[in-house]
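Just below is one structure, and these are the notes that go with it.
What follows draws every value from the coordinates through simple rules; no lab data is involved. What you see is a predicted model, and the numbers here were worked out from it, not measured in a lab. No Cβ is skipped: glycine too gets one built from the backbone with ideal geometry, and neighbour counts run over all protein chains shown.
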Amino acid sequence: MRGRLLGTVVFFVFFVLVTVGITQENLTEPASKVTLDMWFQDWSGGVSWMRDYAQWFESQHPNVHINLIPVPFEQLFTKLIPAIAQKTEADILYGYDDWVIGRDVSKLFLPLTPTIYSVEELKNRVFEAPLKHLTGSDGNIYGYPIASGGNAFGFVYHKDLFQESAIDVTSIKSWDDLKTVGKKLTVYNPDGSIQRSGVLFSYTEAANALLDMIIMQGAKDKLLNTEKAEWSFNIPEARNAMETFYWFVENKVYDPESGDPSVSFPNKLGAMLLNGPWRVGAVMTDFPELDIGFFMMPPFPTSKTPLQIGAICHWGTLFLSRRLEGDKKKAGLLYIKQIIDDPLTFYEIPFNHVPPYWVGVTSSKKAVADLRAKEAELNEYSKAALQATEIGVPALSPLDTKISEAILIRSVIFPEMQEVFLGRKSIDEMLKYLSEYLTSQEKEIAQ
């Protein structure tokens, strides 16, 4: 009996050592020079950030070259899964966690656990919320969430316009304050039409905020019944939220015909824009002469309401192709591990560039700790990202919908809001349509 027990123990120890050896071997430097093709969302600040980081990474790992391939958002969304099925995907893939809702990621991507870390070790390094859709049926994690733009976490604004109107941004504590400030910042033409909107709601993140505002009124379960897969916008809380948005149109504080905010906001056709902190870098990369700030979303409807945001918060995620083998597999794993182990280098590249490449919410607990430890040295963009993370992540209140952000927000809710803003639909018609259409989509996916 003792002999059998001893044999079992010896075999177990041998198995563990072999397993650890394989894991460690996977994390060694590749023996030969390899090139990793990387698909990344094509926005100017982000591409500059990734190029700078790739250059730094290559200096640390001379046998690895990162071939960055920018892909527009819409194309990336539509090609990611089909390319994997056709085995034409890049080695490193950027996408959003909500794009893989309802799919078993263990069938799509290379596992990051336990090869790089155990599941628990990785969870100790990353906030848990972004990992939900990245966990496979086997319990392992198949993507690394690098960041969120913090959609609808607050407002970007022109500092000079606030200064000219003697407005202290820290005085904005509620949506009533936003109304007052927005009215003060609005400029009119002689005929009474709007020359400059006090605030712009002309981007999809107004739809994110609409959901957040409903949830902050305590109506999360009324809005989406997950057991029945039913949406209901025909509720007082949804009407209250939409009427608040419409107040800015009725009172000529927001011109819904101001156009694309990537043009109207930099040209100061709006003093502030409901958006995420990511827009700071997006504007200042293309318009470095502008001085843009960011402040967090006020609670709705009052300053005493608990802040709940991120009803739909998608996380930019790096995935590795399952087809990676040998030295390319080692290189891909090293690339992800480097970001996890040394997040400060990764995030300081966009924050510290002048102008900033990107400002947003990090998923890395270590990055937060490292930034907090050197708070006195941080520039305002690092501080904005730290604030958006420390306030925004605990306030996340995600809806358990199976509809992706690209469909729910961009293709359905925001276009319906625009119809109301432009006077082509009533609020009642909008709420009825959203209830019926989204319920049909939710049920279809659930089947």
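Can you pick out the pairs among 304/383; 107/220; 33/366; 268/304; 123/383; 228/432 whose Cα atoms lie more than 26 Å from each other?
Working: 304/383 24 Å; 107/220 32 Å; 33/366 31 Å; 268/304 32 Å; 123/383 24 Å; 228/432 18 Å.
Check vs 26 Å cut-off fails for 107/220; 33/366; 268/304.
Considering the dipole of region 254-379 built from charges on the beta carbon (Lys and Arg +1, Asp and Glu -1) around the Cα centre, which of 301, 338, 355 is farthest to its positive end?
338
Arrange the following residues from fewest to most other Cβ atoms within 10 Å of their Cβ: 374, 132.
On the way: 374 11, 132 14.
The most exposed by this proxy come first: 374, 132.
For a footprinting-style exposure proxy, rank 33, 222 by other Cβ within 10 Å, fewest first.
Numbers: 33 11, 222 18.
Exposure proxy ranking, most exposed first: 33, 222.
Sorting 314, 61 on the 10 Å Cβ count, fewest up front, what's the list? Provide the component values of the computation, followed by the final result.
On the way: 314 24, 61 18.
Neighbour counts put them in this order, fewest first: 61, 314.
Under 5 Å between amide hydrogens, which residues at least 5 positions from residue 71 or on another chain qualify, with H placed 1.01 Å from N in the peptide plane?
When sequence neighbours closer than 5 places are left aside, the close amide H contacts are 40, 41, 42.
Give a residue-ordered list of calculated ³J(HN,Hα) values for region 394-402 (Karplus: 6.51 cos²θ - 1.76 cosθ + 1.60, θ = phi - 60°; whole Hz; x for Gly, Pro).
Values, residue by residue: x, 8, 4, 9, x, 7, 8, 8, 9 Hz.
Working only with C-alpha atoms, what are the Rg and Dmax values of the chain, expressed in angstrom?
Calculated on Cα positions, Rg and Dmax stand at 23.7, 98 Å.
Name the residues whose placed amide hydrogens come within less than 5 Å of the amide hydrogen of residue 270, ignoring near sequence neighbours (fewer than 5 apart) on the same chain.
Those lying under 5 Å, H to H, from residue 270 are 197.
As a check on your grasp of the helix formula, calculate [θ] at 222 nm for the chain: sum -39500 (n - 2.57) over DSSP H runs of n ≥ 4, divide by the residue count, round to the nearest 500. Kindly include the intermediate steps, with their values, before the conclusion.
Details: 17 runs with 200 residues, N = 447.
Helix-only estimate at 222 nm: -14000 deg cm²/dmol.
HN-Hα J couplings of region 46-57 from phi, Karplus 6.51/-1.76/1.60, θ = phi - 60°, integer Hz, Gly and Pro as x?
x, 5, 4, 4, 5, 5, 5, 5, 4, 5, 5, 4
When the Cα centres of region 279-331 and region 164-183 are compared, how far apart do they sit, in Å?
25 Å
Show me, for region 252-260, the HN-Hα J-couplings you get by feeding each phi into the Karplus relation (A = 6.51, B = -1.76, C = 1.60, θ = phi - 60°), rounded to Hz, glycine and proline as x.
6, 10, 10, 9, x, 9, 6, x, 4
Taking Cα centroids, how far is region 49-72 from region 426-447 in Å?
So the separation of the two Cα centres works out to 43 Å.
Whose amide H sits under 5 Å from the amide H of residue 233, counting only residues 5 or more places off or on another chain, with H placed in the peptide plane?
Amide H neighbours of residue 233, under 5 Å, 5+ apart: 435.
Taking only C-alpha pairs under 8 Å that are 6+ residues apart, what is the relative contact order of the chain in percent?
Numbers: 777 pairs, mean separation 106.9, N = 447.
Contact order relative to length: 24 percent.
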